[in-house]
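Heads up: the structure comes next, in structure tokens.
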Amino acid sequence: MTMHYQCAGITESGYRRLGDRKLTWRCNKCRLSGATHQPISPAPKSPAPKSPAPKSPVPESAVLLEIRALSEKLAPLDSLKEEVSAMRTEFADLKLSPSKQVDDIINRLEGKLKDMEERVAKVEFIKEDMEKLQARVMKLEEESEDRDQWSRMNNIEIKGITQQKNENLLEIVSKIGSKINYPASKSQINFVSRVPTREKDRTKPIIVCFCNRYVKEDFIAAARLEAKTAPLTTSLFGLSGNQKIYVNDHLTIKNKLLLSKSKKLAAEANFQYVWIKHAKIHLRKTDTSPVIIIKSEKDITKIK
């Protein structure tokens, strides 16, 4: 805030030292009274009087008002100072935080990596055990499959004969034996029965268990030989319909699926012969090519 030196009682030299600010300053008295008289410029230089003019006292109220106004203006500086100080602290922390954060992240990652390595080691150990168990399970399954198939080695499976009410299965087997020139007496048969099939719409096949495995093999061979001359049909045995009758080894479900897959691939590879002997799948591409025996899925790769 500025003052007219006449009103404030300041000297002319003091007024000159105000510089450009003296053009905008107004004394407190003039400001409060609304007076608009122009500040009096200093008179042209002339020989200064020998004794300076007496100074007028500065009103205390004007000084107090100036101090109060300055205090009000300076009041926000304290909070600004605190904000600047806080900002400096934050900037200092921010400069340090990346390295701290990186260290923290690295420490956390190292901990997680160590934990992960331990878990991976456990998993690898478990994996080794699992592989051993899987190999063991596969071996047990193969052994179980072999035992299951071995238990059927004396059996034949007859398909194509529609089930009749009060049918005599022994009589049906006897008629087939007579037709293929290999009669099967009751004393040669352990049991005969129909068994369920996985296909709901298919007729239950007849399973014949012979007491002697060689009799079973000869019975199948005689049936195949007869089928080369003329297909075996139900009408040949006085049964209804004219469906084809098939006499084969009694395979397990797994081997039946393997046989179906082998037939499909053999047809695509132009194999001429696919047959079952001793409950094993045999293939031959031509009359002179070697015989391929299919015992598992791995052996299917031999079909080319």
Review point. Relative contact order, percent, of region 251-303 when contacts are C-alpha pairs under 8 Å separated by at least 6 residues?
Key: 28 percent
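Exactly which GluC sites (Glu not before Pro) in region 183-261 are in a DSSP loop and have at most 11 other Cβ atoms within 10 Å?
Working: sites: GLU199, GLU217, GLU226; in loops: GLU199.
When the GluC sites (Glu not before Pro) of region 183-261 are filtered for loop state and at most 11 Cβ neighbours within 10 Å, GLU199 remain.
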Check your understanding: Long-range amide H contacts for ALA184: which residues qualify at under 5 Å (H placed 1.01 Å from N, peptide plane, sequence gap of 5 or more or a different chain)?
Key -> GLY177, SER178
Check your understanding: To the nearest 0.05, how large is the calculated FRET efficiency for SER235 and GLU124 if R₀ is 45 Å and r is the Cβ-Cβ distance?
Key -> 0.10
Check your understanding: Calculated FRET efficiency, GLU141 and THR301, Cβ-Cβ r, R0 22 Å, to nearest 0.05?
Key -> 0.65
Review point. Looking at PRO196, THR162, ALA135, which one has the Cα that reaches farthest to the positive end of the dipole of region 131-242 (charges on Cβ: Lys, Arg +1; Asp, Glu -1)?
Key: THR162
**Study point:** Sequence of SER289, SER240, SER193 when ordered by accessible area, the most exposed leading, probe 1.4 angstrom
**Key:** SER240, SER193, SER289
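The values are calculated or read from the model by the stated rules, or taken from the named source; none is laboratory data. These numbers were taken from a predicted model, which means no experiment stands behind them. FYI the Cβ positions are ideal-geometry reconstructions off the backbone, even for glycines, and counts take in every protein chain you see. Just the protein is used for accessible areas: all its heavy atoms, side chains included, with ligands, DNA and RNA removed. Shrake-Rupley method; radii C 1.70, N 1.55, O 1.52, S 1.80 Å.
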